[in-house]
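The values are calculated or read from the model by the stated rules, or taken from the named source; none is laboratory data. Computed from a prediction, not measured in an experiment: that's the story for all the values here. Heads up, the Cβs are rebuilt from the backbone with ideal geometry, glycines too, and the neighbour counts pull from every protein chain shown. Side chains included, ligands, DNA and RNA excluded: accessible areas come from the protein's heavy atoms. Shrake-Rupley method; radii C 1.70, N 1.55, O 1.52, S 1.80 Å.
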2 protein chains.
Amino acid sequence: MEGFRVLEIKQSVFENNDREADKVRAELKKNGTFLLNLMSSPGSGKTTTLKATIAALKDEFNIGVMEADIDSSVDAATIEKTGAKVIQLHTGGMCHLDASMTQQGLDGLGVNDIDLAILENVGNLVCPAEFDTGACKNAMILSVPEGDDKPLKYPLMFSICDVLLINKIDVLPYFDFSMENVEKYAKRLNPNIKIIPISARTGEGVDKFADWLREETKAWLEK
Amino acid sequence: MEGFRVLEIKQSVFENNDREADKVRAELKKNGTFLLNLMSSPGSGKTTTLKATIAALKDEFNIGVMEADIDSSVDAATIEKTGAKVIQLHTGGMCHLDASMTQQGLDGLGVNDIDLAILENVGNLVCPAEFDTGACKNAMILSVPEGDDKPLKYPLMFSICDVLLINKIDVLPYFDFSMENVEKYAKRLNPNIKIIPISARTGEGVDKFADWLREETKAWLEK
């Protein structure tokens, strides 16, 4: 039997999500926990990226992961094998998490012993961008097979993220994908966005994402 | 200058979307127009698939395409080159189309001269599945790089579609993707779903999708 818990998330009752999000961050700060919100389309490689990132950072931080999914628990089962603390959140059809739903997840996971918490949001390039989860930083993944025109079509997501991981660079030779175009389109929307090309499968570039996450976590914990 | 129109879609005011969807279908029937609703994640290849499908069917039907996107018009510009009638629908941040929004699109496109209309829905595997657009049939695309576990994670989408296109089969050798798994998971949710492997890029399998669409369109027009 799997060791992780499955939590059925309830619809939010708060009207002012931004205020709730600030409360989540204040609570995280008090508790000494950094929270990253990781977003992407379905199948961009969020879970595989997390696996590789946890492997790189697990000796330095106590890591906890919240796997949000509409219905299944396959991702929590994958992450559990890394040794990180994990909880599966079921959104019951909901297409995103807001701050109060994230707080339910944090309560369910239990973060007293966690330095670095990661929320794997529902696979969706539209709705999760509209809701501040209360995370300290936002990251997104765009994978090579999705195409280099995505910042044009899903501008809000690219605008609100601190980091853009370009995943599946190992298959670049088989797709018409211009790294220059993505960079140009994304920086036009968000001049400060940090872009890191990776292959979660081969591990290439994951160290650079781990470096960024290490620095951000330390900065948050020390502030 | 581009020849297609861009329509800013307004939020729906109807409470009973299912009733509105039935009205859309009745109107399509009266008008002699078949409407296909095409859904998928961002970057699965909806537009490329449409291009190849239009090329296969344009001598048999008058084809009209509604390209729904949050903000950009790149897809309508692509489809315009096929010679099909096209309109770009901007949802203004909305993550799906419902029946009344689809009716706005049909009115904007003008379907008196159209036998086969296709709605390319917003790239999103979650929300569009929840709203009947009024289309006669629903199709979805899952592309090989997204992974074979997607029916487990986005079950509603696979449940409501008549056809599942598995796109990008030309890159099957570079991904861990089991066609058998997808078939098993999808048919468990939806025993009647028709599964057609294609490569929109090379054209492989597109004739089979065109065959299905030809039969469905003819059946609708003759009924």
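Below are the figures for this structure:
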quantity: Simple Cβ-charge dipole of the protein assembly as shown, Lys/Arg +1 and Asp/Glu -1, about Cα centre, in debye nearest 20; calculated: 100
quantity: Peptides ranked, highest mean first, by Cβ atoms within 10 Å: ranges B:171-180, A:142-151; calculated: A:142-151, B:171-180
quantity: No Cys partner within the rule (Cβ under 4.7 Å), chain B; calculated: B:136, B:161
quantity: Position residue A:179, label points 7 Å along Cα→Cβ, spacing to each other copy in nm (shortest first, one decimal); calculated: 3.3
quantity: The range A:153-171 versus the range B:133-160: alpha-carbon centroid distance in Å; calculated: 23
quantity: Positions from the range A:64-85 whose accessible area shrinks by 10 Å² or more when the full protein complex is built, not the chain alone, probe 1.4 Å; calculated: A:69, A:70, A:71, A:72, A:74, A:75
quantity: Dimensionless Rg over Rh [chain B; C-alpha; Kirkwood]; calculated: 0.94
quantity: Nm distances between copies for residue B:23, ranked from closest, using label points 7 Å along Cα→Cβ; calculated: 4.0
quantity: A from B by rotation - nearest chain B beta carbon to the axis, in Å; calculated: B:145, 2
quantity: Computed magnitude of the charge dipole of the range A:6-149 (debye, nearest 20; Cβ of K, R +1, Cβ of D, E -1); calculated: 400
quantity: Inter-chain shielding of A:120-126 (mean C-beta neighbours from other protein chains, 10 Å cut-off); calculated: 6
quantity: Neighbouring partner chain Cβ atoms per residue of A:93-99, average, 10 Å criterion; calculated: 3
quantity: Calculated P(r) tail over 42 Å for the protein assembly as shown, as whole % of Cα pairs; calculated: 14
quantity: Inter-centroid distance (Cα atoms) of the range A:1-67 relative to the range B:51-130, Å; calculated: 36
quantity: Contact surface A-B: accessible area buried, both sides summed, square angstrom, 1.4 angstrom probe; calculated: 2500
quantity: With every protein chain in place, the range A:129-223: carbon and sulfur % of accessible area (1.4 Å); calculated: 46
quantity: Label spacing, shortest first and in nm, from residue A:10 to its equivalents in the remaining copies (7 angstrom along Cα→Cβ); calculated: 3.7
quantity: Beta bridge orientation in the protein assembly as shown: antiparallel %, DSSP, nearest 5; calculated: 0
quantity: Within chain B, helix-based [θ] at 222 nm, where runs of 4 or more DSSP H residues each add -39,500 (n - 2.57), nearest 500; calculated: -11000 deg cm²/dmol
quantity: Charged-residue dipole, Cβ positions (Lys, Arg, Asp, Glu), the range B:58-122 about Cα centre, Debye nearest 20; calculated: 60
quantity: Average other protein chain Cβ within 10 Å of Cβ, residues B:144-156; calculated: 6
